[in-house]
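Data block below; observations after.
Each value in this text was obtained by applying a stated rule to the coordinates, not by laboratory testing. Predicted model, so just to flag it, every value in this text is computed and none were measured. Here the Cβ positions follow ideal geometry from the backbone for every residue, glycine too, while neighbour counts run over all protein chains shown.
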Amino acid sequence: MSQVISLYKNILDEVINLENKKREISIQILLTKNESKRLNLISSFLTYDLNKHELLERAAVIAVQNKELNVLEQLQKMYSHCEDDELLNKIRKEIKYIKRFRKNINKAVKYPDFLSFFERRMIQEISKYVVEQARIYAGFQ
């Protein structure tokens, strides 16, 4: 069981590195006025967030397989804001949402003239969400 905990600690170290990268990008997002540059930064922010959730999903799978209740309890606390009973479902929903966000942002970066009204509106909402997250990461809240 100590190998599971050791692996979990290694994953947490990687998560901390990703969170630090998100903090660095957050400041850039808040300072950037150019919309296309900001969308690229938002895409990077979401990529780091996706990587974080995928790492935590791996940790959860390993913890479930090895019945490591301590690790599962800690992960459950991290995802307490989500509305599902099962931990893996919570994590996978977060991954799914972020993938959708990234898909829309990346389309806006590559093909800005071919966005529908609905897609432009969605990009605005995703941008607002990430800017709000950036404020929290940058400590401006």
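Taking the range 4-26 as the range and being surrounded by fewer than 17 Cβ atoms within 10 Å (Cβ to Cβ) and more than 18 Å from the chain's Cα centre (by Cα) as the test, the residues that pass are I5, S6, K9, N10.
Of all the numbered requirements in (1) surrounded by fewer than 13 Cβ atoms within 10 Å (Cβ to Cβ); (2) touching a residue at least 60 places away in the same chain (Cβ under 8 Å); (3) not basic (K, R), G139 misses one, and that requirement is (2). Got a sec? Which helices (runs of 4 or more DSSP H) wholly within the range 35-124 have at least 3 residues that are within 24 Å of S2 (Cβ to Cβ) and of a type in the set (V, I, T)? Once the helices (runs of 4 or more DSSP H) in the range 35-124 are filtered for at least 3 residues that are within 24 Å of S2 (Cβ to Cβ) and of a type in the set (V, I, T), what remains is 35-65.
Restricting the search to the range 10-34, which residues are under 13 Å from Y137 (Cα atoms) and either outside any helix (DSSP H, G or I) or without any contact (Cβ under 8 Å) to a residue 12 or more places away in the chain (or both)? Answer for the range 10-34, where residues must be under 13 Å from Y137 (Cα atoms) and either outside any helix (DSSP H, G or I) or without any contact (Cβ under 8 Å) to a residue 12 or more places away in the chain (or both): I16, N20, E24. Annotation for the range 75-82: at least one member residue is without any contact (Cβ under 8 Å) to a residue 12 or more places away in the chain and either under 30 Å from N34 (Cα atoms) or among the hydroxyl-bearing types (S, T, Y) (or both).
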